[in-house]
Structure formats: structure tokens, C-alpha cells
Amino acid sequence: MPDHSSEGAGPAGDLFSVAGKVAVVTGGSRGIGAMIAEGLVRAGCRVYITARKAEACDAKAAELSAYGECVSIPLDLADPAAAEQLVRQLAEREERLDILVNNAGATWGAPLEEYPLDAFDKLWNINVRALFQLTVLCLPLLRAAASAENPARVVNIGSIDGLGVPAMESYAYSTTKAGVHMLTRHLASRLAAESITVNAVAPGPFDSKMMAFALDDPASRAAIAGSVPLSRVGRPDDMAGVVIYLASRAGSYLTGAVIPVDGGLAALRR
């Protein structure tokens, strides 16, 4: 396995290298999580992916193993016991964790007066509480990877819906994603002294299950793309690229940031 302990002194050609790092991507079997997992595998990371559905998680890991190392650990992280099980399995296989990508999440849309209170409980548990729990449980492995020259990295997947009021009536989703952004800043402040950086990515429209209702329809997709200043929906490389940047030497001096990856949509909402 390549030694990246002296990452901070490497040549410019290694600026965006993540080769040899160990990563976890939650919700990695599809959508944005799969985009990130594939990017990290192709870049030379050993990647563990989680997902609720074992068949889908196993299939995605097998697919990505054509490009490098990818291991499936199917779990539903909405269950607190599942996060503990995940970390136990990681600790049995790895001495350190260089990159934790907290991507698993859920959404819920409904008109205001029909919006169920249960949506707030479900989305809080998945989008915020589970993210916090897994990050805390992974701290021993993250600390084992961390150094002043080469911090361990936590990347939380938020949303531009947590940066400005969305057009869709997704009250609990936008609220919990705003919570992800604040939790990112809070954790970044606390963990900086331990050489663990914590940043968030706020995606705009990407092909995913959450956006399928809109992007699978050609007319709706065209309208959404037309509303984006860069006039297109996000591509897999857009998402993989920002995570690789945050996880590489290039991103080692960044913590507590929330980066919109949205073609310029967030700027229009401010």
C-alpha cells in the first residue's frame, strides 16, 4: 500500500492524489454516493460502501471492483446499531480511516398543510442524527489516520436546498440539510485541533433517486437544466471531483466549508 504519510511535501503532480487511502461512502450503491465511490475507487482508494439494500450494495461493489478495491457492507444506518456494526467491521479490516463520506439520506415532499410531522422525525434521524453518530464512532480510526501534514477527512453531503429556500415543498429535507451544514461547521471547529477536517458539499440537480421524479421526464429535465446558470444537470465527475479535492493534499487546508456544486443555482437563491 502506498505511503502517504508525507503528503504535505509531495510534488505538484501529487496535489490531487488520494491513492492508497481508505474511504467509507455511506449510501454508496446509487446516485451521488455511487458517483463519489466510483471516483475514489478509480483514484486508487480502497472504498467501503454501505446501503440499505444488500443486493444493490453488493452489485455496486462488484461493479466498482473492476476499477480497484470496493467492499460492500450492507446496513441501514437509520438504525443506531447498524452504525456500531459498520465501525466494528471496519476496525476488524483497517487500522485507520482516511476519508469518511456521509452521504446516506432521504427526502420527503408534500404540500404544506398535508406535510406529515413524521417526516421531520424520519429525516432528522437519517440526515442528521445518523451522520453525527457515525462520525463520532469513526473518530478512533480517523485519528489513527490523521496528522498535521495529512489530516483525516470527513465530507458531509448537504444540499443547495439547505442554503436557500427551494421551489419544492420539502420542508423537513431542506431543514435537515441546513442542519447538516451547521453540524459540519460545529464538528470542524471541534476536530481541527486533532487534524481532522470536516467539510460539506451542497449538490444541486444530479441524477439520483431523489431527483428521478423530475429528471426522468425530458421536459422537466430540460426546464431544470435551463434554470441552472451553467445550463445543465450535474455529471458524476462533478461530484467525484470535489470530494477528491477535499480528500487530497489540495484540500488539506480547508475545513468548515460548505461548497455548492450546483452550476451556480445557490447564487440565485441568495
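The values are calculated or read from the model by the stated rules, or taken from the named source; none is laboratory data. For clarity, every value in this text was computed on a predicted model and none was experimentally measured. Cβ: placed from backbone, ideal geometry, glycine included. Neighbour counts: every protein chain shown.
Scanning the stretch 137-164 for residues that are in contact (Cβ under 8 Å) with a residue 40 or more places away in the chain and touching a helix residue (DSSP H, G or I) at 6+ places or on another chain (Cβ under 7 Å) yields a count of 19.
Of the residues making up the stretch 245-254, not a single one is hydrophobic (A, V, I, L, M, F, W, C), modelled with pLDDT under 95 and part of a loop (DSSP other than H, G, I, E, B). Set side by side, the residues ALA167, ALA193 differ, and just one is part of a helix (DSSP H, G or I) and surrounded by fewer than 18 Cβ atoms within 10 Å (Cβ to Cβ), which is ALA193. Put simply, of ALA106, ALA167 the only residue that is at pLDDT below 95, out of contact with any Asp or Glu (no Cβ under 8 Å at 6 or more places or on another chain), farther than 19 Å from THR50 by Cα and aliphatic (A, V, I, L, M) is ALA167.
Which of the residues that make up the stretch 205-221 are surrounded by 13 or more Cβ atoms within 10 Å (Cβ to Cβ), part of a helix (DSSP H, G or I) and modelled with pLDDT of 75 or more? Selection gives SER220, ARG221. Screening PRO229 with (1) assigned to a helix (DSSP H, G or I); (2) modelled with pLDDT under 95 gives one miss only, at (1).
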